[in-house]
1. At residue 67 and residue 116, where each label point lies 7 Å from the Cα along Cα→Cβ, what is the point-to-point distance in nanometres?
2. Find the centroid of the Cα atoms in segment 24-44 and in segment 69-112, then give the distance between the two in whole Å.
3. Modelling each spin label as a point 7 Å along the Cα-to-Cβ direction, I'd like the residue 101/residue 42 distance in nm, to one decimal.
4. How large is the direction-averaged shadow of the alpha-carbon convex hull of segment 5-74, in nm²?
5. Residue separation times 0.36 nm, minus the C-alpha to C-alpha distance between residue 8 and residue 24: what's the value?
6. If you average the sequence gap of Cα pairs under 8 Å that are 6 or more apart and divide by the length of segment 5-74, what percent do you get for the contact order?
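A short reminder: the numbers here are calculations on the coordinates, not readings from a lab. A quick note: this is a predicted structure, and the numbers were derived from the prediction, not measured. Neighbour counts run over all protein chains shown; Cβ positions are idealised from the backbone, glycine included.
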């Protein structure tokens, strides 16, 4: 049996561009009715910017998001991921370390947060994708 696979499909914007895209959406709907049980398909709407405070979302992004919900939301689950504010990341890193009896000061947690964001941004720029954890892979240990 093949291992569980995750496929990231970028360019969701192209499904909602000019012209008729009903054929593309119908193919996605058809797959969703009988998906591969050993795979997860993640459609990445990276053309939409969701700020940490969703009340500050720009009108154009709200409209794009609503259009995706109205079409793909009929047969796909939708997960909203907003950018994490640095202060929240620092608190999370501190809590994570404390739960593992590792001491870290706020400046160290801030540096880790900035390095992680820089790596994420560099990966996106270089390869067009991020590098999520593989199934069964543990998070890197602090300390």
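1. About 3.3 nm separates the two model spin labels.
2. First find each Cα centre; the distance between them is then 27 Å.
3. 3.3 nm
4. Working: hull surface 21.9 nm².
Approximately 5.5 nm², given one-decimal rounding.
5. Working: separation 16, 0.36 × 16 = 5.76 nm, distance 1.64 nm.
My answer for the length gained is 4.1 nm.
6. Working: 47 pairs, mean separation 28.9, N = 70.
Dividing the mean separation by the residue count of segment 5-74 yields 41 percent.
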